[in-house]
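In what follows, a single structure is set out as C-alpha cells and then discussed.
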Amino acid sequence: MPGVRDESDGRAPGLSTPRRTSRKIMVGSVPVGGDAPVSVQSMTTTLTADVNATLQQIAELTASGCQIVRVAVPSQDDADALPAIARKSPIPVIADIHFQPKYVFAAIDAGCAAVRVNPGNIKKFDDKVGEIARAATDAGVPIRIGVNAGSLDKRLLEKHGKATPEALVESALWECSLFEEHGFRDIKISVKHNDPVVMIDAYRRLAAACDYPLHLGVTEAGPAFQGTIKSAVAFGALLAEGIGDTIRVSLSAPPVEEVKVGQAILESLGLRKRGLEIVSCPSCGRAQVDVYTLAEQVTAGLKDFPVPLRVAVMGCVVNGPGEAREADLGVASGNGKGQIFVKGEVVKTVPESQIVETLIEEAMRIADEMGIEIGEDGSVSGPGADVIVT
C-alpha cells in the first residue's frame with residue numbers, strides 16, 4: 001500500500017543513516033535497542049498509590065499506542081501499590097525511584113519490568129549498587145540510569161559550572177561504571193535537558209561513548225505546543241542520525257497527548273507505520289475553496305479512522321492535482337467542485353458541498369478492499385487488519 005514503510009531494520013527508506021548499534025535489553029515484553037523498533041513511552045500523572053486510577057490511566061495510554069509506562073514511587077504507599085499495578089497493567093511498568101534505595105528492591109520484588117534511578121540524587125544508593133545489581137540480575141530487570149539537568153550531582157555542577165553536555169554524559173557513564181563493577185550491563189540511559197541543543201549534543205556524545213540503548217527525552221519541555229516543537233526538533237535530529245531506542249515526549253498536558261506526539265514524530269521519519277495522515281495546503285491567494293474549514297471537516301470526519309491512509313485536501317489547481325494524485329485518497333478543489341483521487345486516479349468530480357462525505361465514503365471503500373471491516377464502535381477485523389497501527 002502506498003506510504004506504508006518497512007520497519008524491519010528500524011530505518012525508513014528515506015533515512016540514509018543506519019541505526020546506531022546498541023545492545024538489546026528486554027523491558028518486560030518490549031525489546032529495546034539492537035534491531036528493535038523505537039518504542040514510545042509515557043508516565044502516569046495519577047497518585048501511584050491509587051491503584052484503580054493509575055490502571056485506568058495506563059489503559060488509556062495503552063489504547064493510544066503507548067508501549068511502556070513509568071510510574072512515580074516517592075512513598076511507601078506507592079511502593080505498596082506496585083505489585084497490583086505491575087500484575088494488571090497491559091504494558092510493561094517502569095518504577096521511577098529517587099532518593100530511597102528500599103523502593104528499588106520493592107519495585108523489583110513487585111514484578112516491575114524495569115527501574116529508573118537518577119544519579120543526581122543517588123548518593124544513598126552508592127553502597128547499595130552491588131545489592132541492586134544482584135537483585136536486578138536475579139529478576140531479569142533492567143535499570144534505566146536517568147540523568148536530568150535539573151537534578152545533576154553537585155560535584156559535577158561544581159566541576160563543569162552548569163549542566164553541560166559533558167556533565168550529563170559524565171554522570172551517566174559514572175553510574176554505569178558502578179553497575180559494571182558488579183557485572184551488570186542490563187542498562188538503558190537517558191541524559192535529559194530542557195534545551196534541545198544541549199540535549200542533542202549530550203546524546204551524540206553518549207552514543208559515541210557506549211553501546212547501551214538510549215531513551216530520548218527533552219525534560220520539562222513545556223506546554224503542549226512548545227513541548228511538541230522542542231521534542232520534534234531534538235528527536236528528529238537524533239533519530240535521523242540513528243540515535244535513540246525509546247522516546248518520551250514530556251508535556252505539561254495529559255500523558256495521552258505525549259504518546260500522540262511521540263507516534264507522530266516516529267511516523268514522520270518513517271520509523272513507524274503511519275496511521276491516518278492529512279496532507280493539506282496552507283492556503284493562499286490561489287485557493288478557490290476554504291481550505292482551513294475543509295481540512296478540519298475531513299479531519300473530524302475521519303477521526304479515529306484505523307486504516308493507515310494519506311489523505312490530501314488541496315485547494316487550488318497548481319499543486320492540488322499533484323498532491324492528491326500522490327496520496328492514497330485526495331481532493332483537488334476549485335470552482336465550487338472537487339476532483340476525488342483514489343491511488344492516483346480521478347474517480348469522480350463532486351460539488352464542493354459533497355467533498356467531505358465523498359472522501360469518507362471512499363476511505364471506507366478502500367478499507368473494504370483491503371479486507372478491513374470497521375465496526376460501528378471503531379473496532380477492526382478481517383484479513384487485512386494486520387496493517388492497522390497498534
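The values are calculated or read from the model by the stated rules, or taken from the named source; none is laboratory data. All figures in this text were calculated on a predicted structure; none of them were measured in a lab. In this analysis, Cβ positions are derived from the backbone assuming ideal geometry, glycine residues included, and neighbour counts consider all displayed protein chains. Side chains are part of the model used for accessible areas, which takes the heavy atoms of the whole protein and leaves out ligands, DNA and RNA. Shrake-Rupley method; radii C 1.70, N 1.55, O 1.52, S 1.80 Å.
Would you be able to tell me the number of residues in the stretch 121-162 that are free of Cβ contacts under 8 Å to residues at least 60 places away in the same chain, among the small types (Gly, Ala, Ser) and crowded, with 22+ Cβ neighbours inside 10 Å? Residues meeting the conditions: 1. Evaluated against (1) under 17 Å from Arg19 (Cβ atoms); (2) among the hydrophobic types (A, V, I, L, M, F, W, C); (3) assigned to a loop (DSSP other than H, G, I, E, B), Ala221 falls short on exactly one condition, (1). Among the residues of the stretch 321-361, the one identified as hydroxyl-bearing (Ser, Thr, Tyr) and at pLDDT below 90 is Ser333.
Given the structure, is Thr21 modelled with pLDDT of 95 or more and either outside any loop (DSSP other than H, G, I, E, B) or out of contact with any His (no Cβ under 7 Å at 6 or more places or on another chain) (or both)? Can you show your working first?
Numbers: modelled with pLDDT of 95 or more: no; either outside any loop (DSSP other than H, G, I, E, B) or out of contact with any His (no Cβ under 7 Å at 6 or more places or on another chain) (or both): yes.
No: the conditions fail for Thr21.
Of all residues in the stretch 320-336, those satisfying the criterion of being touching a helix residue (DSSP H, G or I) at 6+ places or on another chain (Cβ under 8 Å) and either among the aliphatic types (A, V, I, L, M) or outside the structural domain of Leu302 (by the TED database) (or both) are Leu329, Val331, Ala332.
Taking Asp80 as the residue in question, decide whether it is open to solvent by 20 Å² or more (accessible area, probe 1.4 Å) and free of Cβ contacts under 8 Å to residues at least 24 places away in the same chain. Give the derivation first.
Values: open to solvent by 20 Å² or more (accessible area, probe 1.4 Å): yes; free of Cβ contacts under 8 Å to residues at least 24 places away in the same chain: no.
So Asp80 does not fit the description; no.
Report whether or not Gly262 is open to solvent by less than 10 Å² (accessible area, probe 1.4 Å) and out of contact with any Leu (no Cβ under 9 Å at 6 or more places or on another chain). So Gly262 passes the test.
The C-beta contact set for the stretch 346-364 (first residue farther than 11 Å from Leu329 by Cα and hydroxyl-bearing (Ser, Thr, Tyr), second residue assigned to a strand (DSSP E or B) and open to solvent by 10 Å² or more (accessible area, probe 1.4 Å), distance under 9 angstrom, 6+ apart or interchain) comprises Thr349/Lys337; Thr349/Gln339.
For Gly65, state whether it is within 17 Å of Ile143 (Cβ to Cβ) and of a type in the set (Gly, Ala, Ser). Spelling it out, it is not the case that Gly65 is within 17 Å of Ile143 (Cβ to Cβ) and of a type in the set (Gly, Ala, Ser).
Could you check the stretch 166-216 and list, in sequence order, the residues that are of a type in the set (Val, Ile, Thr) and either closer than 19 Å to Arg19 by Cβ or buried (at least 18 other Cβ atoms within 10 Å of the Cβ) (or both)?
Matches in the stretch 166-216: Val169, Ile187, Ile189, Val191, Val198, Ile200.
Residues that are modelled with pLDDT of 90 or more and touching an Asp or Glu at 6+ places or on another chain (Cβ under 8 Å): does the stretch 230-248 have at least one? Within the stretch 230-248, one or more residues are modelled with pLDDT of 90 or more and touching an Asp or Glu at 6+ places or on another chain (Cβ under 8 Å).
Enumerate the helices (runs of 4 or more DSSP H) found wholly within the stretch 116-199, keeping only those where 2 or more residues are in contact with a Leu (Cβ under 7 Å, 6 or more places away or on another chain) and under 30 Å from Pro223 (Cβ atoms). Where helices (runs of 4 or more DSSP H) fall fully within the stretch 116-199 and carry at least 2 residues being in contact with a Leu (Cβ under 7 Å, 6 or more places away or on another chain) and under 30 Å from Pro223 (Cβ atoms), they are 165-180.
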